[in-house]
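*Asks:* Dropping the structure in here first, questions after.
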Amino acid sequence: MPLDGLIPGPHATEFYYNLKTGQVEEGQQSPVKDLWGPFNTREEAANAMESARKRNEELDAEKDGWF
């Protein structure tokens with residue numbers, strides 16, 4: 001049986017937002033406790049804090065409707 005396609009190739013590049021520095025890292029370069037991710041693109045990682053802020057606002061608005 002040929003092994004073509006069964007042996008994993010290189011992993012896709014992942015990006016992380018460094019919570020300490022506010023910088024985007026390509027691959028895990030810092031301790032995991034300082035990282036948020038992984039993200040598929042550099043842009044997603046760079047916008048991580050803004051995306052979280054928007055998501056939190058949406059959840060807060062939904063929660064206000066519970067009472």
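*Asks:* Which count do you get for residues in region 8-59 that are touching a Leu at 6+ places or on another chain (Cβ under 7 Å) and at pLDDT below 95?
*Replies:* So the answer is 1.
*Asks:* A follow-up question, please. Applying the selection to region 23-46, what residues are over 19 Å from A12 (Cβ atoms), open to solvent by 60 Å² or more (accessible area, probe 1.4 Å) and not basic (K, R)?
*Replies:* Q23, P31
*Asks:* Taking the condition of being of a type in the set (V, I, T) and touching a Lys or Arg at 6+ places or on another chain (Cβ under 9 Å), how many residues in region 21-48 meet it?
*Replies:* Number of matching residues: 1.
The values are calculated or read from the model by the stated rules, or taken from the named source; none is laboratory data. Bear in mind the structure is a predicted one, so any value in this text is a computation, not a measurement. Please note: Cβ atoms are built from the backbone with ideal geometry, for glycine as well, and neighbour counts cover all protein chains shown. Note: accessible area is taken over every heavy atom of the protein model, side chains too, but ligands, DNA and RNA are not part of it. Shrake-Rupley method; radii C 1.70, N 1.55, O 1.52, S 1.80 Å.
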